[in-house]
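First up is the structure itself, then whatever we jot down about it.
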Amino acid sequence: MRFKNFVMATGAAAALAFAATSVSAEPDGWYVAGDIGGHFLENDINTRSDLGPAWNWEVNQSWAAFARLGYRLNPSWRVEMELGYRPGDIGRVRRPSDMAPSGLCNFQPATGPCHSPEGDINSRTLFLNAIYDFGDSDWRARPFLGLGVGANWVETETTGSLRNNRTASLAVSDDSVEMAFQALAGVAWAMGERTNIDLTYRYLTGGTSWDSTTVGAPALGTFDGDYDFSHTLTVGLRYAFGPVAAPPPPPPPPAQPAPAAEQFVVYFDWDRS
């Protein structure tokens with residue numbers, strides 16, 4: 001349902017943007033941009049411990065922010081370096097089966113219901129994106145598609161008690177850097193010759209892992225899994241630094257009609273020799 005809402009919002013914005021007039025073309029060359037919005041993981045981070053069971057780690061919805069430095073090669077193609085940050089609080093942590101150890105709980109309450117443990121799974125990304133802008137360069141609204149390749153640095157911090165043994169605890173304080181990929185789609189709305197507002201959807205996929213420490217229970221070792229099905233929708237501002245094309249010269253004035261020739265009347269005496 002959350003993914004459907006993201007797609008509907010992006011489609012509605014794109015439909016509105018197509019009813020657009022034209023503006024002066026954005027210049028080629030360097031540009032900077034910043035984006036902010038929200039993100040969620042469609043699926044839990046499914047991990048398997050090298051010394052124990054598989055666990056599913058839920059990451060709650062949160063905000064996301066991006067900074068970009070790019071270069072427009074021509075009216076259709078641009079490339080950019082993108083820094084991204086996607087924080088997330090840890091939600092429910094459970095094993096697919098109910099076999100021990102079957103999950104992670106908050107230390108409070110010590111007995112009874114097993115609430116989500118304290119902690120975060122935060123993602124920092126660095127991508128090289130290649131983006132294609134559709135349509136003519138003087139369109140006010142231009143849809144775009146892009147692909148990115150880079151790295152995803154996932155930092156995991158959490159601690160809690162084991163669900164089947166509330167006197168035992170597990171702690172994670174680790175990070176990993178894995179290769180990652182992303183796909184981008186959106187619409188850019190030109191506010192002027194240099195300024196654009198970007199509505200961007202990003203889909204991120206990559207891997208992650210972290211080491212764990214247990215107290216009062218057998219070690220669970222390293223958890224390996226996928227940071228996958230990550231959806232992000234942002235609104236951003238982009239500013240171009242390249243030289244703006246000079247406006248075309250005004251048309252020449254219409255040619256003036258040639259002046260009419262002067263007429264002279266000469267009188268002759270008709271009966272004079």
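Each reported figure results from applying straightforward, stated rules to the coordinates on display, with no laboratory input. Model, not experiment: these values are computed from the prediction. Every residue, glycine as well, gets a Cβ built from its backbone with ideal geometry; the counts of neighbours run over all protein chains shown.
Hey, got the dipole for segment 2-240? About the Cα centre, +1 on K and R Cβ, -1 on D and E Cβ, debye to the nearest 20? Walk me through the numbers before you get to the answer.
Details: 18 positive and 27 negative charges, 103 e Å.
Roughly 500 debye for segment 2-240.
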Kindly state, to the nearest 0.05, the FRET efficiency for Asn43 paired with Asp138, given R0 = 30 Å and r defined as their beta-carbon distance. 0.10
Measuring from label point to label point, each 7 Å out along Cα→Cβ, what is the Asn56 to Thr213 span in nm? 3.0
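Provide the FRET efficiency to the nearest 0.05 for the Phe229-Ile36 pair, computing r from the beta carbons and using R0 = 22 Å. Display every interim value, and only then the final one.
Working: r = 21 Å, r/R0 = 0.97.
The value I calculate is 0.55.
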Zone reached by a paramagnetic label modelled 7 Å from Thr205 Cα along Cα→Cβ, restricted to segment 157-199 with backbone N below 18 Å, covers 178-185
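If r is the Cβ-Cβ distance from Thr167 to Leu126 and R0 is 45 Å, what FRET efficiency results, to the nearest 0.05? Intermediate results must be reported in sequence, preceding the final value.
Working: r = 42 Å, r/R0 = 0.93.
Taking R0 as 45 Å, the efficiency between Thr167 and Leu126 is 0.60.
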Here the gain from full extension of Gln108 to Phe181, 0.36 nm per residue of separation minus their alpha-carbon distance, amounts to 22.4 nm
Full-extension gain between Met81 and Leu147, please, as 0.36 nm times their residue separation minus the C-alpha to C-alpha distance. 22.6 nm
